[in-house]
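The values are calculated or read from the model by the stated rules, or taken from the named source; none is laboratory data. These numbers come from a predicted model, not from an experiment. Here Cβ is always computed from backbone atoms with ideal geometry, including for glycine, and neighbour counts include all displayed protein chains.
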Amino acid sequence: MQAFDLVIYGLAAALLVAAYLRDPGLPLIGLKSGLRLFLDILPRLVAALVLTGMLQVLISPEWIQQWLGRSGGHRGIFVGFVAGILTPSGLLVSFPMMAVFYQSGASLSALVAYITSWSLFGFQRVLAWELPFMGSRFVLARVLPTLVFRVPAGYLVRLLYRD
């Protein structure tokens, strides 16, 4: 357990107490709502974690170095950009994947392009979460202005850190 986990548990406990103080029936309603959300997310989470684990054992460090490494040049930034868009799921998948890329020899500039692209436009997240919950108008309004940041972020890192 990490220190931040304790903060999350502490906040959850504090909100439980606050809900109880407002109305003793509210904690049960909130817990049921949270359970419904958990059951909705669980199948996606399990599939995403299995997918990530399989990718980690199937993609060799040599491949990472060739396509995302320092010797990859411009290609590394563009592959990072595309990989960020295509990486499924959330933080539990993208950050472990990025750590594996880094440990296998990916360049800093490719990793920045990857995580910037993932955080600004994760294809799976848009399809599974944003479109169903927020609609296409919101998705277009959020995605279109961010197109200009992804690849330049990788080049900026290359320039600043001589990567």
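Annotations
- Residues that are among the aliphatic types (A, V, I, L, M) and surrounded by fewer than 23 Cβ atoms within 10 Å (Cβ to Cβ), drawn from the stretch 66-82: VAL79, VAL82
- When residues of the stretch 125-155 are limited to those that are in contact (Cβ under 8 Å) with a residue 40 or more places away in the chain and of a type outside the set (Lys, Arg), the one farthest from SER107 (Cα to Cα): ALA128
- Test: residue in the stretch 131-146 that is among the hydrophobic types (A, V, I, L, M, F, W, C) and either at pLDDT below 85 or under 18 Å from THR52 (Cα atoms) (or both): no
- All of (1) outside the structural domain of PRO152 (by TED's automatic domain parsing); (2) modelled with pLDDT under 95 hold for ALA19 with one exception: (2).
- Considering the conditions (1) within 25 Å of ALA47 (Cβ to Cβ); (2) within 19 Å of the chain's Cα centre (by Cα), GLY135 is excluded by exactly one of them, (2).
- Test: ALA106 is within 19 Å of the chain's Cα centre (by Cα), free of Cβ contacts under 8 Å to residues at least 60 places away in the same chain and closer than 21 Å to PHE123 by Cα: no
- Some residue of the stretch 20-33 being basic (Lys, Arg) and within 30 Å of GLN103 (Cα to Cα): no
- Residue in the stretch 98-107 that is modelled with pLDDT of 90 or more, out of contact with any Leu (no Cβ under 8 Å at 6 or more places or on another chain), assigned to a helix (DSSP H, G or I) and surrounded by fewer than 18 Cβ atoms within 10 Å (Cβ to Cβ) present: no
- Residue in the stretch 43-51 that is out of contact with any helix residue (DSSP H, G or I) (no Cβ under 9 Å at 6 or more places or on another chain), surrounded by 11 or more Cβ atoms within 10 Å (Cβ to Cβ) and either touching a residue at least 60 places away in the same chain (Cβ under 8 Å) or assigned to a helix (DSSP H, G or I) (or both) present: yes
- Of all residues in the stretch 79-95, those being touching a helix residue (DSSP H, G or I) at 6+ places or on another chain (Cβ under 7 Å) and part of a helix (DSSP H, G or I) number 10.
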